[in-house]
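These notes are about the structure you will find just below.
The values are calculated or read from the model by the stated rules, or taken from the named source; none is laboratory data. Everything numeric in this text was worked out from a predicted model, so none of it was measured. Here Cβ is always computed from backbone atoms with ideal geometry, including for glycine, and neighbour counts include all displayed protein chains. Just so you know, the surface numbers come from the protein's heavy atoms only, side chains and all, with ligands and any DNA or RNA stripped out. Shrake-Rupley method; radii C 1.70, N 1.55, O 1.52, S 1.80 Å.
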Amino acid sequence: MTDSLLKPRTLDSFSLANKVCVVTGAARGLGLEFCRAFIGSGCTTLALLDLRASELDQAVQDLLDYSAESWGIKQGDLKVIGLPCNVTSEADVIAAMNSVIDAFGHIDVVVASAGIVENYSALDYPTERHKLLFDINVNGVFYTAREAARRMIPSKSGSIILVASMSANIVNVPQLQTPYNASKAAVKHMASSLAVEWAPHNIRVNSLSPGYMLTKLTRTILEEDKELKVTFHNLWPSFEFVVNASARQDTWEKMTPMKRMGDPEDLAASIGAVVFMASDASKFMTGSEIRVDGGYCAI
């Protein structure tokens, strides 16, 4: 059998070759996995944006090592830059996008992946934490999408992917996270609204909604957060309950029809959802949501 028959083949429309891709929240977690998926799909020009400046250099090096070991990409053939960026700062986002343009000339794909989640009862949610969550999860996503679009409009082309969550569609249990759920519902609807507004410019905006994913970060949280205490002070009588982290994971898995949490590869494999949304394979799809949740939202 010839090498050409042995070599895996995919549709050319799924390729990200010659595309400049930008990912926020890219120093770790799903953001970093998205970057790996893009490289595996032919992207050789990539910008990582993250608040954690100290982790960006390591993330860039990890991607360079990954590309060489997994795909045989030679030194110098992969252009990856790390840009410190606080997405809650409009000025930071503008500066970061300008830096991408300065380095690479244009932007084809942007993934707004930066976000946080916290668990408090609604009655006890600290006001400043609530404001911060919305500032990152909603305002930061909006700044990212808007500044990306401004730089895509001249070329009349671009794909913007807003990372929402299955929590935009359902109420998670046993953990309490009303502001997070609301913020992700806002992101989902933001994607639809921006898609309609920017369709005349041929800029597509879609949302990607992961379910429970066992990223390295999630595993660490589950290991360190042995117990989650939830207290209701403002009800009579007041009461509290404790959710053990392992019990939480067990609940998540039991409530998922596929009976497991997702691995990062389930979301970011080279033939996966994020590559499809970024590539020309989805060039007539905009204003849509793709859920990758093991069927959680179906029941």
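With the checklist (1) open to solvent by 40 Å² or more (accessible area, probe 1.4 Å); (2) in contact with a helix residue (DSSP H, G or I) (Cβ under 6 Å, 6 or more places away or on another chain); (3) of a type in the set (V, I, T); (4) closer than 30 Å to Q177 by Cα in hand, flag the one item V93 doesn't pass.
(1)
Is there a residue in region 57-78 that is out of contact with any strand residue (DSSP E or B) (no Cβ under 7 Å at 6 or more places or on another chain) and within 28 Å of P200 (Cα to Cα)?
No, there is no match, as no residue in region 57-78 is out of contact with any strand residue (DSSP E or B) (no Cβ under 7 Å at 6 or more places or on another chain) and within 28 Å of P200 (Cα to Cα).
Among (1) assigned to a loop (DSSP other than H, G, I, E, B); (2) under 25 Å from M152 (Cα atoms), which single condition is S13 missing?
Against the list (1) assigned to a loop (DSSP other than H, G, I, E, B); (2) under 25 Å from M152 (Cα atoms), S13 comes up short only on (1).
Of all the residues that make up region 119-160, how many are open to solvent by 20 Å² or more (accessible area, probe 1.4 Å) and in a helix (DSSP H, G or I)?
So the count comes out to 22.
Can you tell me which residue in region 272-299 is nearest to L32 (Cα to Cα), limited to those that are small (G, A, S) and part of a loop (DSSP other than H, G, I, E, B)?
G272
Against the condition buried (at least 17 other Cβ atoms within 10 Å of the Cβ), touching a strand residue (DSSP E or B) at 6+ places or on another chain (Cβ under 8 Å), in a helix (DSSP H, G or I) and of a type in the set (A, V, I, L, M), how does L30 come out, does it pass?
yes
Restricting attention to region 96-109, which residues are open to solvent by less than 20 Å² (accessible area, probe 1.4 Å) and touching a Lys or Arg at 6+ places or on another chain (Cβ under 9 Å)?
M97, V100, I107, V109
Residues that are in a helix (DSSP H, G or I), in contact with a Pro (Cβ under 9 Å, 6 or more places away or on another chain) and not hydroxyl-bearing (S, T, Y): does region 94-106 have at least one?
yes
Given the structure, is V163 closer than 20 Å to G25 by Cβ, open to solvent by 20 Å² or more (accessible area, probe 1.4 Å) and in contact with a helix residue (DSSP H, G or I) (Cβ under 8 Å, 6 or more places away or on another chain)?
Against the criterion (closer than 20 Å to G25 by Cβ, open to solvent by 20 Å² or more (accessible area, probe 1.4 Å) and in contact with a helix residue (DSSP H, G or I) (Cβ under 8 Å, 6 or more places away or on another chain)), V163 does not qualify.
Looking only at region 166-219, filter to residues that are in contact with a helix residue (DSSP H, G or I) (Cβ under 7 Å, 6 or more places away or on another chain), assigned to a helix (DSSP H, G or I) and of a type in the set (A, V, I, L, M); which one of those is modelled with the lowest pLDDT?
Per the stated criteria, the residue is L217.
For region 65-80, enumerate the residues that are within 16 Å of D102 (Cα to Cα) and either surrounded by fewer than 18 Cβ atoms within 10 Å (Cβ to Cβ) or over 24 Å from the mean Cα position of the chain (by Cα) (or both).
Within region 65-80, just K79 meets the criteria.
If you scan region 33-73, which residues turn out to be touching a residue at least 24 places away in the same chain (Cβ under 8 Å), small (G, A, S) and in a loop (DSSP other than H, G, I, E, B)?
S41, G42
Return the pairs, sorted by first residue and then second, in which the second residue is modelled with pLDDT of 95 or more and surrounded by 17 or more Cβ atoms within 10 Å (Cβ to Cβ), the first residue lies in region 103-129 and is of a type in the set (F, W, Y), the beta carbons are less than 7 Å apart, and the residues are 6+ apart or on different chains.
Listed pairs, sorted by first residue: F104/V20; F104/T45; Y125/P179.
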